[in-house]
Every structure is written in C-alpha cells, then in structure tokens.
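Here the structure comes first, spelled out in structure tokens, and everything after it is commentary.
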Amino acid sequence: MAILEVKNVSQEFGGLLALDRLSITVEKGEIFGLIGPNGAGKTTLFNLITGIYRPSSGELLFEGRPIGGLRPHRIAEAGIGRTFQNIRLFKKLSALDNVRVGMHSVSQAGFFSALLHTPWAMRKERITLEKSMALLDMVGLGDKAIELAGSLPYGEQRCLEIARAMALEPSLILLDEPAAGMNATEKEELLELIRKIRETGVTVLLVEHDMNVVMNICHRIAVLDYGRKIAEGAPEQIKNDERVIESYLGVEM
Amino acid sequence: MEALLQQYVDIYVLQIMVLIGINIILALGLNLITGVTGQLSMGHAGFMSIGAYTSAILAVNFGMPFWFCLLAAGLMAALTGVIIGIPTLRLEGDYLAMVTIGFAEIVRVVFLNLDIAGRGLGISGIPGNTNFTLVWVLVIVIVLLNTGLLKSRPGRALYSIREDEIAAEASGVNTTLYKVVAFAIGTFLAGIGGSLYAHYLTYISPQDFGFMKSVEYLNMVVLGGMGSIPGTILGTVILTMAPEVLRFVADYRLLFYGGLLVTLMIFRPNGLLGDVRWVDVKHTWARLRGRIPTPSNSSDG
C-alpha cells in the first residue's frame, strides 16, 4: 500500500525549476532512499512534503489524502516527521525538552488545563515524560536528558533530532542526510537505529550521500538529477545504472 | 495593610516598591513575548498606554468601579494586541519589531489629539486605587501563573518558537497561534500594568508612554535574562532602582546607567540569569547540602 505518492510534482522558484514533473511512490513499511548530486532537488522535495513549500503543480498524497499546501504543523499532526540537513535543534533547551516538543501534537494537553495544572493535564505530562525518555533511550541519549541540546556532540545532535521526529509518533519519517559528519562507528549505530525505527512500523524516506549507508539499508532507491527522476529500483540495479553513474561522475562509462 | 507598612517603612521606599511591582507585571508580559517566544516587541509602552487611558477614562469620565477599569484595561490592550498581532505574526521574521514601533507611536499621537484623553494635558484626578497590597498580590499571582505556563506543554512550544520556528512547526507546533496567544497575554499584562500605573500616579499624559519607555521594559527583560522569570524580576528591580540609587551621581546619572548596561552586556550577554538553569540550581543546592546529586531521571525546569 502506498503511504506517500508524489504525482507529477513541479516546483518553481522564480525562473528556476527545482523539481520537474517528479513522480515517486513510497510503499508503507519500506526504507526508501533518495539520492542524487547536490542541487538535484532532494531537500526541496522534503520541504514540499512537509509543507514548507506549496507545489507549483502536481499532487502530493499521504495515506491517500492530499497534503499539498497544508501548513507544516498540520502535516506533522497527520503523521510525517522529519530531520533537517543542517540540524535544527532547540539549542538552549535540554535534550528531553527537545523531544517533548516533538510530542506536542500527540500530547493534547490544552492551554488552560496545562496552565492550571489540572490532574488530567498532569497525567498527560507524565505520559509525555515517559515516552520522551523512552525515545531518548532508543537513540542512546537516555543519560543526557538534561544536557543542553546545543552542547551535545554532533553525532548525538543528529540522533536527538531523530528522537524528536519520532516523538510525533509518525507513520512516515523523512531523514535528511542523517549520516553527514558521522564516523564509521556512528554510521553503524545509525543503520541500527533506522532498522529499529522501521521495526516499529514507521516508513522511512531517506536522503543520503553516503552510498554505503544507502545501499546497505534501503529497499528501493530513486535517483534525482536536476529535479528529475533518472532512475528508480533496488540498490543492485541503481548501483550499475549508467545514467546514475554519469550524473554523479559526469562522464560516460 | 498600607498603614501598617507605613509605620515601619519609609514612605519613599514604599513608593519605589509599588513602582517595582508595577514594572514587574509589565516586564513579565514583555518577557513572555520577547524572552520566551522570541518575538521582539518594541512597543510595549503603547499597550501600557492603552491600558492606562482606558482605565483612566472609564474611571474619570464614566465613574466605573476600579476592578472594572482594571479588567477593561487589560482586555482592551490585549484586543489591540491581537488585532495587530494576527496579520504580523503570520509572517516569519522580525516584522513585529517594526510594527510595534510604529504602533506605539500611532497610539501616542492618537491620545495626544483625542479630546476625551485630554490631548496634550492628559488626564488628571484619576482615583488612586493602586496600593502596595493590590500590586504585590497581583505580582505573586502573575508570577505563579507564568511559572506554571512555562513548565508546561504550551510553555515548551513557546520556547521552541524562539529557538527555531521552522523546526517548531515541523514538530507540530502551530506557531502562528502560539505567537498570537503569547502576544495577547503579554499585552494584557501591559494593559493591567498601565491601569495600575494610572491609578497610582493619578495623572497620565502621552509623554509618559514614549518610545524610551518601551526600551526601558526591553532593557529589564534583556538584562535579567531572556525567558527567565526570576531574571526578569531581578532586571526590573535593578533598573527601577537604578535611577534612584544613582541620584548621587546627579548629572552623570545617564552616563552611569548606560555604562552599567554596557558592562553587563559584555560580561553577561545572556542577561544576569539567562544562563542559569533551574536544574543546575537544584543540583548545586543538593551538593552544598552534602547530598551527591543523582543523574536526573525526571523533568527539568
């Protein structure tokens, strides 16, 4: 069953065509990779899916419902979580608070009941706390719950962002270059984490430049270049696809 | 209560403490908008004046009871806050700063030319309902509500908007809604503060609410530490007392005042208590009392 359908989506910025009639379908429960040279439109697609941009044309369907043009927080409520290429953590808040903000749409404690600390709101707060600590444990940051997010080492900041995205209790999670800047050990741990995420039933859409990571973990891969999809298929097929090699290396093999 | 206090405390000190209390209410309102939610508002005095004039006019021209005037002042200020806030806060970026500067000026000029507001002469003979007890009871209530708010889910949402608005949206926070609500609460408090001010001085005029007044409140928030309630209170106390305490340097008062601010900004750029976290305070306190702090497995402040 398709969880995300990108149908003929184009995105224009002034005169620049960032995405050109792109069509991609992500199946529920798979780990789908999106690769391509820099500027190919991968992050633009992410921003479109998460509501930061509104598509110039084409359709975006999530679980069968159109989401094109919805505001980002509505899309988060619908069940799409994401991480950012340049890490956007709440630096002056603790790791725990970062994850708890992620639980914002899940928690439901309203303004006044939260303000007055009603028993109902307090119960919701405790649940939020428990779930958030569980997520921190899952990414290995359980003992750093009260550390300021901005003071964490880079690799841990990436993991924290993933924990925050998971706090949304999403059906689909978008990871934008999660392995960037990580060393080999951290990448191994990241692969484990992504597998764990998938095991909880969340579909993963992954943008990555590290081919080892991509080939290792993705069920299917789509390749973008200049806003167009130039190839799609299983990792083995993509690895040997001429057009893909050409777009990365710029030469004919 | 007043009489009791006056027996022990010099009336001058009492006056300063009432003023400090009023300023704390105003500063906490601004802290919520700017310190916590990160929306720079440079027109706080404008909302204060709306509260002050609303309250004064209702009391002097219509003889309404004080509690009515006080409440109306807050609501009127909040209403205007929401009216200018909704179109402005839908945008991402620091448009609120520009809008509030302009808005406060417009308000000042409007009152300057409004007959019912006494034009240039302002309004005098406002009933002096503000006293020490009222002000400080309000301060305590507002501090408690504020603290409760900031520790809760909506409070975290507000902080997240300050930290990274895009990430906050992506985490499910309706940033426009929360920005407007923070602004509404902050301007409500400004209106309440304005009313208390009017009924304390018993005389208000447009000059009382110029741009520099807005800057003063901003200084209190920034000096104390953006987003920190104890910080804001501390900043308010210091900056309200400074002109009085610095009286001895007479003509050089403004120079000292400016120098004080610059020094503090060099050595404590995040404000006096801006870097202090409640959870660290708790740890230090536990250590000082001889108990080794355990790694926290519960919520932090």
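Those helices (runs of 4 or more DSSP H) of the range A:128-220 in which 3 or more residues are in the same structural domain as A:LEU4 (by TED's automatic domain parsing) and modelled with pLDDT under 95 occupy A:211-217. Do we have B:VAL221 as touching a helix residue (DSSP H, G or I) at 6+ places or on another chain (Cβ under 9 Å) and modelled with pLDDT of 80 or more here? Spelling it out, B:VAL221 is indeed touching a helix residue (DSSP H, G or I) at 6+ places or on another chain (Cβ under 9 Å) and modelled with pLDDT of 80 or more. Taken over the range A:30-42, the criterion of being farther than 12 Å from A:LEU205 by Cβ and either modelled with pLDDT of 95 or more or out of contact with any helix residue (DSSP H, G or I) (no Cβ under 7 Å at 6 or more places or on another chain) (or both) is satisfied by A:ASN38, A:GLY39, A:ALA40, A:GLY41. Of the residues making up the range A:38-56, those that are buried (at least 17 other Cβ atoms within 10 Å of the Cβ) and either more than 14 Å from chain B (Cβ to nearest Cβ) or among the aromatic types (Phe, Trp, Tyr) (or both) are A:ALA40, A:GLY41, A:LYS42, A:THR44, A:LEU45, A:PHE46, A:TYR53, A:PRO55. Checked against the criterion of being modelled with pLDDT of 95 or more, among the small types (Gly, Ala, Ser) and either within 14 Å of the chain's Cα centre (by Cα) or not in a helix (DSSP H, G or I) (or both), the candidates B:GLY35, B:GLY21 yield just one match: B:GLY21. The residue list B:ALA190, B:ALA198, B:ALA167 contains one member that is within 11 Å of chain A (Cβ to nearest Cβ) and crowded, with 24+ Cβ neighbours inside 10 Å, which is B:ALA167.
Summed over the range A:97-136, residues that are within 7 Å of chain B (Cβ to nearest Cβ) and of a type in the set (Lys, Arg) total 1. State which residue is nearest to B:PHE183 (Cα to Cα) when the search covers only the range B:1-16 and only residues that are assigned to a helix (DSSP H, G or I) and in contact with a Ser or Thr (Cβ under 9 Å, 6 or more places away or on another chain). Among them, the one singled out is B:ILE16.
Screening the candidates A:GLU27, A:GLU59 for the property of being acidic (Asp, Glu), within 18 Å of the chain's Cα centre (by Cα) and away from chain B (no Cβ under 14 Å) yields one hit, A:GLU27. One residue alone among B:PHE68, B:PHE103, B:PHE62 is surrounded by fewer than 20 Cβ atoms within 10 Å (Cβ to Cβ) and part of a helix (DSSP H, G or I), and that residue is B:PHE68. Quick one: would you say A:GLU232 is surrounded by fewer than 23 Cβ atoms within 10 Å (Cβ to Cβ) and at pLDDT 90 or above? Yes: the conditions hold for A:GLU232. Candidates in the range A:62-96 are the residues that are polar (S, T, N, Q) and either out of contact with any strand residue (DSSP E or B) (no Cβ under 8 Å at 6 or more places or on another chain) or within 7 Å of another protein chain (Cβ to nearest Cβ) (or both); of these, the one that is nearest to A:LEU22 (Cα to Cα) is A:ASN86. Checking A:LYS124, A:LYS28 one by one, the residue that is over 21 Å from A:ILE197 (Cβ atoms) and not aliphatic (A, V, I, L, M) is A:LYS124 and no other. Residues of the range B:6-51 that are polar (S, T, N, Q) and free of Cβ contacts under 8 Å to residues at least 40 places away in the same chain: B:GLN6, B:GLN7, B:GLN15. Among all residues of the range B:71-80, there is at least one that is of a type in the set (Ser, Thr, Tyr), within 29 Å of B:ALA168 (Cα to Cα), modelled with pLDDT of 95 or more and assigned to a helix (DSSP H, G or I).
Does at least one position in the range B:146-164 carry a residue that is modelled with pLDDT under 90 and among the polar types (S, T, N, Q)? There is at least one residue in the range B:146-164 that is modelled with pLDDT under 90 and among the polar types (S, T, N, Q).
The values are calculated or read from the model by the stated rules, or taken from the named source; none is laboratory data. This is a predicted model, so every value here is computed, not measured. Neighbour counts run over all protein chains shown; Cβ positions are idealised from the backbone, glycine included.
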